[in-house]
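One structure is given here, and the rest of the page talks about it.
Every number here is computed from the coordinates shown, using simple stated rules; none is lab data. As the structure is a computational prediction, the values presented were derived from the model and not from experiment. Using ideal geometry, Cβ is built from the backbone for each residue, glycine included, and neighbour counts are taken over all protein chains shown.
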Amino acid sequence: MIEIISLLSLVLAIIIGFWKNINVGLIALFFSLIIGYYLGGIPVNTIISYWPIRLFFTTFGITLLFSIAKLNGTLEKISKTLIYQSKGKKVMIPIIFYFLSLILASIGPGNISTSALLLPIGLVIANKTKLSVLMMSVLIILGSIAGGLSPLAPNGIVALELAKTNGVGDLGFRIYIMNVISMTIFSGLVFIFLEGMKLRGNSVEIEKAGKFDKNQLITMISILVLVLWVMIGNVNVGFAAFALSAVLLVLNTADQNQAIQNVPWSTLLLICGTAVLISVINEVGGVKLLTNFLATLMNQNTAIPIMAILSGVMSIFSSAVGVVMPTLIPTTVNLSNELGQMISPVALTITIAVASHIVTMSPFSTMGALALASSPETIDKKSLFKNLFIVAFLSLLFIALFLGLMLILGLLG
């Protein structure tokens, strides 16, 4: 009974938050105490430990650094420079950002770090050129996801290691290639649906960006150092951002109080408060209940679509790399055997990896949350929250159908 109540509490938290215009994270913390401590018997200190300190640390660090970059005009100057490279063709701007995200994520930083680096810049550009902030957010995130399962990227490495250690075998670039194909096709659909093709022939007045002043040059060098530090030094992007923010403030490149005030605290509360409730739901068996229900629907004809939906739903409410892949990939060999080996462990593993990542533009996930945190203050964040969730849901339907088709065509494994 508590499992059902816990799942309903998340739905209720969202409804109350939108209805009363109260931060959903705050409502989620209330339900975390009621469900976790009073109904589930989870110690309060344990519930407090569910606060996602790594996510909070990363998001706080990166938004503080880009708050400094925004205050001293660096983001605006970078934006003008990038817009100039598009020769004023509005249709090219989101496309450029998609492939830039894909390439950068593929060569090492991975999906979260790449989104954290590019979303603040891309959304400033979208706002200035009157492009859809939703489209720009989704394309940057999808580009990052596309590259995020590269064998060189952290999430890709985890997926491949799980496959090896659980008897699936060495998948090499197979997960990465299917992931890139899936994300690129869905990105194209998003681009078309959000009227990106109507941008053809439209242009914006391009003025060559002026020279960077001293503070802007220092800040831009810091952003470049952040990219290289994350790629080569394998440092946590949030920690690196904090360190570089300290250097920038010591050099007086921006006002410290303003920089801290401009950190999106409301968004951080939304992200972390909801994460606590989701951890409580998982602890009392709500996620397992949902998983078991979907698993009972599987047979050899529905295994791939249902595994895609299961992976995606779990990822919306937890971590793709920390929960979904480590939980589901070890089941693929046995599940394949139970299905008479009509569906291979390789096909199931690829499905889990790709489907668990495509939904991460959800505002409950790190990258969706980063999009909310990075969006300009003039944007209706409540509407962006809702639309990111809708796109995440549509991506789940897409990936279930697409991977099912790939299986039929013999291209999934």
*Could you point to the residue in ILE181, ASN236, LEU152 farthest towards the positive end of segment 53-265's charge dipole, with +1 and -1 charges on the Cβ of Lys/Arg and Asp/Glu respectively?*
ILE181
*asked:* Full-extension gain between PHE293 and PHE99, please, as 0.36 nm times their residue separation minus the C-alpha to C-alpha distance.
replied: 66.0 nm
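In whole percent, what relative contact order does segment 6-146 give with Cα contacts below 8 Å and a gap of six or more residues? Can you show the working numbers first?
On the way: 112 pairs, mean separation 27.4, N = 141.
Over segment 6-146, the number comes to 19 percent.
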*Cα centroids of segment 285-358 and segment 1-74: how far apart, whole angstrom?*
26 Å
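At R0 = 45 Å, how high is the FRET efficiency between MET1 and VAL225 if r is their beta carbon distance? Nearest 0.05 is fine.
On the way: r = 53 Å, r/R0 = 1.18.
With a Förster radius of 45 Å, E is 0.25.
For Cα pairs less than 8 Å apart in space and 6+ apart in sequence, what is the mean separation divided by the residue count of segment 53-265, i.e. the relative contact order in percent?
About 34 percent, as a whole number.
With a Förster radius of 22 Å, plug the Cβ-Cβ distance of VAL250 and GLU377 into 1/(1 + (r/R0)^6) and report the FRET value to the nearest 0.05. Show your work: numbers first, answer last.
Numbers: r = 27 Å, r/R0 = 1.22.
My answer for the efficiency is 0.25.
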*Given that just one value was derived from the coordinates, which of (1) 60, 53, 45; (2) 200, 52, 39; (3) 65, 51, 40 is Cα extents along the principal axes in Å?*
(3)
_Unit charges on C-beta of K, R, D, E only; dipole of the chain, Debye_ = 1000 debye
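Show me 188-197, 4-13 ranked by packing, highest mean number of other Cβ atoms within 10 Å first. Provide the component values of the computation, followed by the final result.
Details: 188-197: 15.8, 4-13: 18.1.
The most tightly packed comes first, giving 4-13, 188-197.
In percent, what relative contact order does the chain have, based on Cα pairs under 8 Å that are 6 or more apart in sequence?
On the way: 638 pairs, mean separation 98.3, N = 413.
Rounded, it is 24 percent for the chain.
Suppose every K and R has +1 on its Cβ and every D and E has -1 on its Cβ; what is the size of the dipole of segment 53-265 about the Cα centre, in Debye to the nearest 20? Intermediate values should be presented prior to the final figure.
Numbers: 16 positive and 8 negative charges, 109 e Å.
So the dipole magnitude of segment 53-265 works out to roughly 520 debye.
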*Take each uninterrupted DSSP H stretch in the chain, measure its Cα extent along the helix axis, and return the ones at 30 Å or beyond whose mean Kyte-Doolittle hydropathy is at least -0.5.*
381-408
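Between ILE48 and GLN300, what is the FRET efficiency for a Förster distance of 56 Å, r being their Cβ-Cβ separation, to the nearest 0.05? Spell out each step's value before the answer.
Working: r = 45 Å, r/R0 = 0.80.
That gives a FRET efficiency of 0.80.
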*Would you pull out the residues with amide H under 5 Å of GLY169's amide H, same chain only if 5 or more places away, H placed 1.01 Å from N?*
LYS164
